[in-house]
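The values are calculated or read from the model by the stated rules, or taken from the named source; none is laboratory data. Predicted model, so just to flag it, every value in this text is computed and none were measured. All Cβ positions, even for glycine, are placed from backbone atoms using ideal geometry, and neighbour counts span all protein chains on display.
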Amino acid sequence: MIDEKKKFEFPKSGFSTVEVGNSSISVKKYLAMSEEDNLIGIYVAELFSETNYKSVSRAENALIASVLETCTNILLVEDNTVVTTLDMIFENFEVWEQIISKIKNYSEFRKRLDATVEMLREEKRLNASIGKVIDDTYTKLSGFIENLLANDFSPEKIEGIKSLLSEVNSSPILKDSVELFKNQNKNKSEKLAE
């Protein structure tokens, strides 16, 4: 173990330049952790705002715009008017590729972003699974039954029971499971009748 610690001055990463025709684009060489967190938040918000075929495109487009805004001197919006469109970027996609190649930790950032998206997808899948719904329903029902046994049947308690049963009855996962169970039993009965 080293006994004497010293303060070390790390060099600032500064900016790189991407030449496009007669123009130069300044590009930050490094994404700070706070910038990464912000970019991940923007991407995730767009990706999970809706679940349809457009959500991935919107998330990727938002990421491109946000990286350009955060890391370059490219003017995207001036006086509430878009001056650099994504179509312009896509038409000159090699410029985007040059920009991200100048950001030293962009590939590491992208790995973190992809891992975050995968974790959130798995969390959403687990939260929507039938086991989770049944477990939540069981927990709620157990709590209500315990409260009912410990107390009298006041109008508030009866309304609480009605509300819980209505919530359980409206669960699409439980409805689908019951329908599947009915269909399986119907098919078994039909086969036995043959």
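Numerical summary
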quantity: In the range 58-102, the residues that are among the β-branched types (V, I, T) and in contact with a Leu (Cβ under 6 Å, 6 or more places away or on another chain); calculated: I74, V83, T84
quantity: Test result for S57, small (G, A, S) and modelled with pLDDT of 95 or more; calculated: no
quantity: Within the range 10-25, tally of residues that are touching a helix residue (DSSP H, G or I) at 6+ places or on another chain (Cβ under 9 Å) and not charged (D, E, K, R); calculated: 6
quantity: Candidates V117, V95, V83, V67, filtered to the one that is loosely packed, with under 15 Cβ neighbours inside 10 Å and more than 30 Å from L164 (Cβ to Cβ); calculated: V83
quantity: Among (1) in a helix (DSSP H, G or I); (2) modelled with pLDDT under 90; (3) not small (G, A, S), the one test that F153 misses; calculated: (1)
quantity: Hits in the range 17-48 (condition: among the hydroxyl-bearing types (S, T, Y), assigned to a helix (DSSP H, G or I) and free of Cβ contacts under 8 Å to residues at least 60 places away in the same chain); calculated: S34
quantity: In the range 68-109, residue farthest from A32 (Cα to Cα) [restricted to those that are of a type in the set (D, E, K, R) and assigned to a loop (DSSP other than H, G, I, E, B)]; calculated: D79
quantity: Matching residues, the range 110-135, being of a type in the set (A, V, I, L, M) and within 16 Å of L39 (Cα to Cα); calculated: L113, A115, V117, L120
quantity: Any chance G14 is touching a Lys or Arg at 6+ places or on another chain (Cβ under 8 Å), of a type in the set (G, A, S), free of Cβ contacts under 8 Å to residues at least 24 places away in the same chain and surrounded by fewer than 12 Cβ atoms within 10 Å (Cβ to Cβ); calculated: yes
quantity: Test set (1) touching a helix residue (DSSP H, G or I) at 6+ places or on another chain (Cβ under 9 Å); (2) modelled with pLDDT under 70; (3) within 30 Å of Y43 (Cβ to Cβ) - D176 fails condition number; calculated: (3)
